[in-house]
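Below is one structure; the comments refer to it alone.
Laboratory data are not the source of any read-out in this text; all were calculated from the coordinates shown. Just so we're clear, the structure is a prediction, and the values are computed from it rather than from any experiment. Cβ: placed from backbone, ideal geometry, glycine included. Neighbour counts: every protein chain shown.
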Amino acid sequence: MLLSKGNFTYSSLYFENRNKLDSANRDLAKLEAYGISPELLEKANALGEQLINFPTDAELEGQQMISTTERNTEAEKLRNAIRWILSRVGYVFGKESDVYAQFRTKQLSQQKTISLVEIGMRVSRLFDLLQTDLIDQSFTAIEIDAFNDQLLAYTESIDHQERAKKNRDLATQQRRRIAANLFHELQYICNVGKDVWRGINEAKYNDYLLYDSPPQKVSEPVSEPSDPIINEDAQTTEG
């Protein structure tokens, strides 16, 4: 997944961070004079580990897909339970009766989520009102309870799917926040590293250039790609 305003993926940012921290730890004696502390390097390392170990969007999408499948499965079970009740009600009272008409379950196969819950709740209420007549026609209290259990299972599957969607959205924001914080720290470390070695050691200067992919061999310092993560007003040190 590409981060906004640039070409860094989360994985490339993680490995670039590891690479730059190797250089910073090597040069720590010089960098400390410019405000780079071991604690700052450890903070950047911890952010990197937090980023790479964060659940990927593919994982969270998979969880959302599983919850959607579960919801669809429970929906079909509920539809079948409603059809079964309607067939019994139609048998007892007649499909042209006012009692049967109260259930209002036309186009049942097309009803989803809230509409299907509303139909299920209506069927449950009418089921309860008519249970004496229906039980006399071989319905049992166990069957009535089983229908209500299925209605509950469907409403819970809807809640589960909504939680999965919200969790995915929240995780996306959290992952971006971690990446932005990491890039902020990494960019500062790299800018200081370039300042330390500018005009003194070309190879070490180049060690602090940020790449979104393994760098090509360069013969002189070059400026890094535009910032993919930090805010528009963030300032960088020109190479």
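Here is the link list: 166/194; 165/194; 43/204; 20/165; 43/166. Which ones come out longer than 32 Å on Cα distance? Beyond 32 Å between Cα atoms: 166/194; 165/194; 20/165. Here the simple spin-label model places points 7 Å from the Cα toward Cβ, and for residue 86 and residue 59 these points are separated by 4.3 nm. For residue 77 and residue 176, the FRET efficiency from 1/(1 + (r/R0)^6), where r spans their Cβ atoms and R0 equals 41 Å, is about 0.60. Computed from the C-beta positions of residue 153 and residue 195 and an R0 of 45 Å, the FRET efficiency is 0.10 to the nearest 0.05.
Between residue 163 and residue 11, the contour length at 0.36 nm per residue exceeds the Cα-Cα span by 52.0 nm.
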